[in-house]
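Quick notes on the structure that follows.
We did not get these values from a lab; they are worked out from the coordinates using the rules stated. Only a predicted model underlies this, so the values are computations on that prediction, with no experimental measurement involved. Cβ placement follows ideal geometry from the backbone for every residue including glycine, while neighbour counts extend to all protein chains displayed.
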Amino acid sequence: MAFEYPLAQFIPFRDAAACARARAIRRSDLCTHSNPDFRIAIIDDPVEFYSRFAIDIVTRISEAGKTGRRCVLILPVGPVPQYAVAAEMINRLGISCRHLVTYNMDEYADADGKTAPADWKGSFATAMRQSFFLRIREELRPPEESIHFPTHENIGDYHKMIEDDGGADCCYGGIGWCGHIAFWESHLGLEFDDDLAAYKQAPGRVVELNPMTIMQNALHSFGGDWSWVPPKAASIGPKEILGARDRSFWLDGDLGGGVSWQRFIARLVAHGPVNTLVPGSILQETNCSYTFLGGVADDVEIDMS
């Protein structure tokens, strides 16, 4: 028997037909896209997935060093397993990162928009130092002044800081439950109506986190405790993401046991309409690698077992 209903009111993107089309995409059809530069891949083995992610990062650093130029990367905190692998590769191969300049995508903020101190254990600055930078041997490590994190004080100039460093060679990232890229949330698109051109030029700012983002981050970083997740964040915007010379997005939202929170939104981002209410959809029109960890690519189905 048919059962029809509208989307929940808090969800900004309300095209039920587009959602149904995305939901119906089978795993076997996921990697086909009209833009050949939007390169979709599926890697089933988690070890290979994070190793390939690490190799991508290290290769860019190494190749830039060989040609005597800086390597400017925009980095996410999630996912993180690739960073330990990358650090180990850098140490074993003796690859200098003195020419590496990094800009993290985002950082948590309180209700007043003040970003978390770098030494708070839940901060992205802490996570990046522990998972990546401090794992690199000191003599190979990038200089402290080349490692940047967004704050309430610099977020208004963050895009200019990246531009002044020659622009990002690559913007790495993932896709949030609401479709966000960095913490550029789905509801921010309501400010732009359908003006996609203006939306793409929007730089970073301090944003209110979407309810789905609060729940997603509670799930994987705060022990399931949604009361512990900060309400806001400083985040780069579409301008910084599209301003990079390349993009590399990795989707590992697989909880195991056949459960993945990312399975539907990954499809809507990659194969739904390009619009202001599904932030990641703007990647479709760029040169971008978009890689699924196996379980995320599985078909979207109702399972009440």
Of the residues in the stretch 14-69 that are in contact with a Phe, Trp or Tyr (Cβ under 8 Å, 6 or more places away or on another chain) and aliphatic (A, V, I, L, M), the one that is farthest from LEU242 (Cα to Cα) is ILE43
The stretch 254-290: number of residues that are of a type in the set (Val, Ile, Thr), within 23 Å of ILE241 (Cα to Cα) and out of contact with any helix residue (DSSP H, G or I) (no Cβ under 7 Å at 6 or more places or on another chain): 1
Checking ALA111, ALA127, ALA118 in turn, the sole residue that is among the small types (Gly, Ala, Ser), out of contact with any His (no Cβ under 7 Å at 6 or more places or on another chain) and under 25 Å from ASP252 (Cβ atoms) turns out to be ALA127
Within the stretch 58-70, track down each residue that is under 19 Å from the mean Cα position of the chain (by Cα) and either touching a residue at least 60 places away in the same chain (Cβ under 8 Å) or part of a loop (DSSP other than H, G, I, E, B) (or both). ARG60
Output for the stretch 75-98, where each listed residue is β-branched (Val, Ile, Thr) and touching a residue at least 40 places away in the same chain (Cβ under 8 Å): VAL77, VAL80, ILE90, ILE95
Across the stretch 162-196, which residue is nearest to ALA54 (Cα to Cα) among those that are among the aromatic types (Phe, Trp, Tyr) and assigned to a strand (DSSP E or B)? TYR172
For the stretch 109-144, give me each residue that is part of a helix (DSSP H, G or I) and either touching a residue at least 12 places away in the same chain (Cβ under 8 Å) or surrounded by 15 or more Cβ atoms within 10 Å (Cβ to Cβ) (or both). PHE124, ALA125, THR126, ALA127, MET128, ARG129, SER131, PHE133, ARG135
Of all strands (runs of 3 or more DSSP E) completely enclosed by the stretch 212-296, which ones contain at least 2 residues that are under 13 Å from the mean Cα position of the chain (by Cα), of a type in the set (Lys, Arg) and surrounded by fewer than 23 Cβ atoms within 10 Å (Cβ to Cβ)? none
Is it true that TYR50 is outside any strand (DSSP E or B), in contact with a Pro (Cβ under 7 Å, 6 or more places away or on another chain) and surrounded by 19 or more Cβ atoms within 10 Å (Cβ to Cβ)? yes
